Amino acid sequence: MLSRVAERIYWLARYVERAENTARMINSFQLVSLDMPKTIELSWKGLVAVTGTDAIFDEHYQREDERNCVKFLVADLYNPSSVLSSLKSARENVRTTRDLVPSEAWEIVNEMYLYARDNIDSGISKRGRYPFLTEIIQRCQTLTGLLAGCMSHDAAYDFVRLGRNLERADMTSRQIDVGAIRFLKRDPDPDDPQPYNGLLWTSILRSQSGFQMYRQHVKRRINGVDVVRFLLQDIPFPRAVAHSLRYVQEAVERLPRNEMPLRLIMQARRHAQGADVDELIHDDRLHDFIDTLQLDIAEIHVSIVDTWFSLDQAA
Amino acid sequence: MSIDWKTYDPSPYYDELIGARGKPRSAARQLTQYLSSLDDQELQARKQAADHAILEMGISFTVYSEGENIDRAWPFDIIPRVISKSEWTSVQAGLVQRLTALNMFIDDVYNEQKIFRNKVMPKYVLANSKNFRDQCKGIHPPHGVWAHICGSDLVRDKDGTLYVLEDNLRVPSGVSYMLENREVTKRVFPEVFENSSILPVDEYPTQLFDMLASISPRPQDYPEIAVLTPGIFNSAYFEHSFLAQRMGAELVEGADLVVGDDDCVYMRTINGLERVDVIYRRIDDDFMDPEAFNRDSMLGVRGLMRAWRKGNVGMANAPGSGVADDKVIYAFVPAMIKFYLDQDPIIPNVPTHLCMNEKEREYVLGHLDELVVKPANESGGYGMLVGPHASKKQRSEFAQLIKKDPRNYIAQPTLSLSVAPTLCDDGLEPRHLDLRPFVLQGVRTDVTAGGLTRVAMRKGSLVVNSSQGGGSKDTWVVDEEA
């Protein structure tokens, strides 16, 4: 498989996963915001922070209100991680690898991008947002299903799984971070359980379709420690960091010349699974911990690029 | 209101579907009957279905002037163009004959040059040929074939005669649209396919693969074949990707390939370097190899020519094939057929005046308002003059161009290109068209059933090139006896 093509497939998967996660995040945040009393101010800017694009946001907007944040996260093309940008990039990547993926994959991504582009105005309106984003999520899932069911599980597919799971691990870890720290503008007092924290954590679970799964597997009332543990360390739940990293590893194990990325992935898995969540939250070190995990993920990405994509190494 | 063929008036042109007094041609009878059973609304609904299918399939064609917008959906007319199988059989034979002679010519030009020694053609034509490559002298590619893939443009004149207008031997494009057109049409008019015998076109990718495999330097069951594209910004990228996909070949860009110290070609893959046996290149000679041709090319692969000369990689079309893709050389094709094959041409050339000959040049300059003048080495309809439609100023500019560089210009009578019913805003109207069949030559020669019909969508226009706003139609070769 060509290095250049492998890289595009990897990015295709990452961008589609990114679009889906961003859409999920906004949808669940929207729902929780409607439940909140007027006195508690929810920070939409917190969502922007999750995607690590605050700097670009600040360049373009002064007001950090809902409208601007949602527009930025969904529609703005100068935000490289917005839903529309991600779909556009995904489309470019699948367009240039059409000879490798089932042709329906191109049709799905192409139509999804055209749908998003043509409906973007209602997609960022308060009322049109939910159905719009839900449609995007469903189409992303259709693509995932198509690739799983109709594409040979060869090296190209390994790069799909690699990209998807690494992006997912990245996004989930970001959301844990935000849940822990950034959603509430005022610092919550840990000894005074806030009545609405439960709602927030529920929202984070919902955004990962994890609410039901949490209920079935954790069987306790929603609380910060258990939710973080679930999203970080649960193995059966496919959107948990530990699960995603495990599948990153599985994909990488099937690829040639994989020593370096493999070593880094195992290290990240040890970090994620070995963490004592109780202690991290108690000592107020969860944010630092997530930072380290994010660095791990970034390092894995760099070693993937060096090992399989960099055109200079081969000659 | 449905179409009444008696009121459809293609005159004074030859119509591909409808003959005298609104009577459908026999091969088109089933189609025209079916069309007249549809009312305007139904027709427009079919058109919308086709537009939707095209958008969905992502068929696109770049138009350079449109800047960033690289995926303008490509104009398709849903009404097919029909040719009878009996006519097509003879056209096929004519195309095989023509490409065989052209390949013998190219091989001769780079080796013995018998055609000049026998004075069938003056040698000085070569001296001014933009696409003659010194680097190709003395090479004998497999099967003596240089131009493996040829797209010849055919046009029909008022009296119904088909002519070859030009031969595209460098990197002819359009075959993917031929294949996609058929897929779209099958979705739009399934009923007609059920009731008539329309020859299938979808064997092309398999035939292309087999032809490419036949020029592999390492005979084996699974040669590594790569389609070399200039990249996504090339106007025919869609096609490059499409063909690679249909053949199961790698779609590569220059940066994916490297020529090793052993003069073999390798691709950079996730496993490291892998040897390539055959390259279907969709990149012009000039940009192919900065070592041999244009030093500034960013698209090519350093050393590719070296690898090919040593016979370590098969290349289609072979470098230097473009020498025969020259409108002056074109004028000599009937003579070539006679010289190399001792046969008479089955499909005639359009009568061509060579401006390099003084007498003919005088004639051309005196009749600019009747003639079409073309530069010898341009493709895509660029840089030509359509005399009857040109302004006085344009004609005098062209007169200057011709006097300055007579070798580079030819002129032909303005043909009354045939027309076919085309769905326009106000229903079916006649529009001009041509036909580009594709011929594959390796160990054997295959011709597509039909080809790509290009249609000038604007009323009265004769320009069918997709780069200049033309569209296309599905082309049916109908077997009336089956």
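For the stretch B:218-312, the per residue solvent-accessible surface stands at 39 Å², with DNA, RNA and ligands left out and a 1.4 Å probe.
Put B:161, A:142 in order of accessible area, highest first, and with a 1.4 Å probe you get A:142, B:161. Coupling constants for the stretch A:46-62 follow from the phi torsions by the Karplus curve (6.51 cos²θ - 1.76 cosθ + 1.60, θ = phi - 60°), and in residue order they are x, 5, 4, 4, 4, 7, x, 10, 4, 4, 5, 4, 4, 5, 9, 10, 9 Hz; glycine and proline get x. Interface residues of the stretch A:81-115, defined as those losing at least 50 Å² of solvent-accessible heavy-atom surface relative to the isolated chain (probe radius 1.4 Å), are listed as A:95, A:98, A:99, A:107. Computed with a 1.4 Å probe over protein heavy atoms only, the accessible area of residue A:44 comes to about 20 Å². Taking amide hydrogens as placed 1.01 Å from N in the peptide plane, the amide H of residue B:168 sits under 5 Å from those of B:151, B:152, B:153, each at least 5 positions away in sequence or on another chain. Figure note: B:85, B:473 ranked by solvent-accessible area, largest first, 1.4 Å probe, ligands and nucleic acids not counted: B:85, B:473.
The residues of the stretch A:3-309 expose on average 42 square angstrom of accessible surface per residue, using a 1.4 Å probe on protein heavy atoms. Pairs of Cα atoms in chain A fall into 10 Å distance bins, from 0 up to the last occupied one, in shares of 6, 27, 35, 24, 7, 1, 0 percent. Using the 1.4 Å probe convention, the accessible area of the stretch B:137-185 works out to 26 Å² per residue with neighbouring protein chains retained. Helical runs assigned H by DSSP (4 residues or longer) give the protein assembly as shown a calculated mean residue ellipticity at 222 nm of -14000 deg cm²/dmol, each run adding -39500 (n - 2.57) before division by the residue total.
Scattering from the stretch B:352-414 was approximated by placing one identical point on each alpha carbon and applying the Debye formula without solvent; log10 I(q)/I(0) at 0.20, 0.28 1/Å stands at -0.65, -1.33. Comparing the full protein assembly with the isolated chain, the residues of the stretch B:215-252 losing at least 50 square angstrom of accessible surface (1.4 Å probe) are B:232, B:245, B:250. When +1 charges are put on Lys and Arg Cβ atoms and -1 charges on Asp and Glu Cβ atoms, the dipole computed for the stretch B:352-414 relative to its Cα centre reaches about 140 debye. The mean count of C-beta atoms from other chains within 10 Å of the C-beta of residues in A:3-9, rounded to a whole number, is 4.
Label positions at residue B:465 and residue B:126, each projected 7 Å from the Cα along the C-beta direction, are separated by 2.9 nm. The separation of the stretch B:10-36 from the stretch B:307-383, counted between C-alpha centres, amounts to 34 Å.
Cross-link list B:23/B:374; B:23/B:473; B:338/B:392: which exceed 29 angstrom alpha carbon to alpha carbon? Among B:23/B:374; B:23/B:473; B:338/B:392, the Cα-Cα distance tops 29 Å for B:23/B:374; B:338/B:392. Label sites at residue A:111 and residue A:209, each approximated as a point 7 angstrom past Cα along Cα to Cβ, lie 1.9 nm apart. For the residue pairs B:85/B:119; B:114/B:310; A:38/A:88, alpha carbon separations beyond 28 Å are given by B:85/B:119; A:38/A:88. Quick one: Cα centre-to-centre distance for the stretch B:429-474 and the stretch B:215-259, in angstrom? First find each Cα centre; the distance between them is then 24 Å. Within the same chain, aspartates and glutamates fewer than 8 places from residue A:45 are excluded, and of the rest, those with a Cα less than 12 Å from its Cα are A:54, A:58, A:64, A:65, A:66. Rounded if a/c is under 1.5, else prolate if a/b is larger than b/c, else oblate: which is the stretch B:85-184, with a ≥ b ≥ c the root eigenvalues of its Cα gyration tensor? Prolate is the answer for the stretch B:85-184, as a/c is 1.5 or above and a/b outweighs b/c. Here the Karplus curve 6.51 cos²θ - 1.76 cosθ + 1.60, taken at θ = phi - 60°, turns the phi angles of the stretch A:206-220 into couplings of 4, 4, 9, 6, x, 4, 4, 5, 4, 4, 5, 9, 8, 6, 10 Hz, with x standing for Gly and Pro. Residue A:88 sits with roughly 80 Å² accessible to a 1.4 Å probe, with DNA, RNA and ligands left out of the calculation.
Here the average projected area of the convex hull drawn through the C-alpha atoms of the protein assembly as shown stands at 39.4 nm².
Annotation: residue A:211 carries an accessible surface of approximately 50 Å², with a 1.4 Å probe and no ligand, DNA or RNA atoms counted. Largest accessible area first, the residues A:152, A:125 order themselves as A:152, A:125 under a 1.4 Å probe with ligands, DNA and RNA left out. Across the accessible surface of the protein assembly as shown, with the other protein chains kept in place and a 1.4 Å probe, carbon and sulfur atoms take up 48 percent. Kindly identify chain B as rounded, prolate or oblate by the Cα gyration tensor criterion: order the square roots of the eigenvalues as a ≥ b ≥ c, call it rounded if a/c is under 1.5, otherwise compare a/b with b/c, prolate if a/b is larger, else oblate. Because a/c hits 1.5 or more and a/b fails to exceed b/c, chain B counts as oblate.
Chains B and A: how much accessible area gets covered up at their contact, both sides added, probe 1.4 Å, in Å² to the nearest hundred?
2500
The residue list A:231, A:176, A:87 was ranked by how far each Cα lies along the charge dipole of chain A toward its positive end, using unit charges on Cβ atoms, and A:87 comes out on top.
Placing a pseudo-label 7 Å from each Cα along the Cα-to-Cβ vector at residue A:65 and residue A:287 gives an inter-label distance of 2.7 nm.
Across the stretch B:403-411, computed HN-Hα scalar couplings (Karplus, 6.51 cos²θ - 1.76 cosθ + 1.60, θ = phi - 60°) run 5, 6, 9, x, 4, 8, 10, 10, 9 Hz from first to last residue, x flagging Gly and Pro.
The values are calculated or read from the model by the stated rules, or taken from the named source; none is laboratory data. Given the structure is predicted, the values throughout are model-derived calculations rather than measurements. A quick note on method: Cβ atoms are made from the backbone with ideal geometry, for glycine too, and the neighbour counts reach across all protein chains shown. We work out accessible area using only protein heavy atoms, side chains counted, and drop any ligands, DNA or RNA first. Shrake-Rupley method; radii C 1.70, N 1.55, O 1.52, S 1.80 Å.
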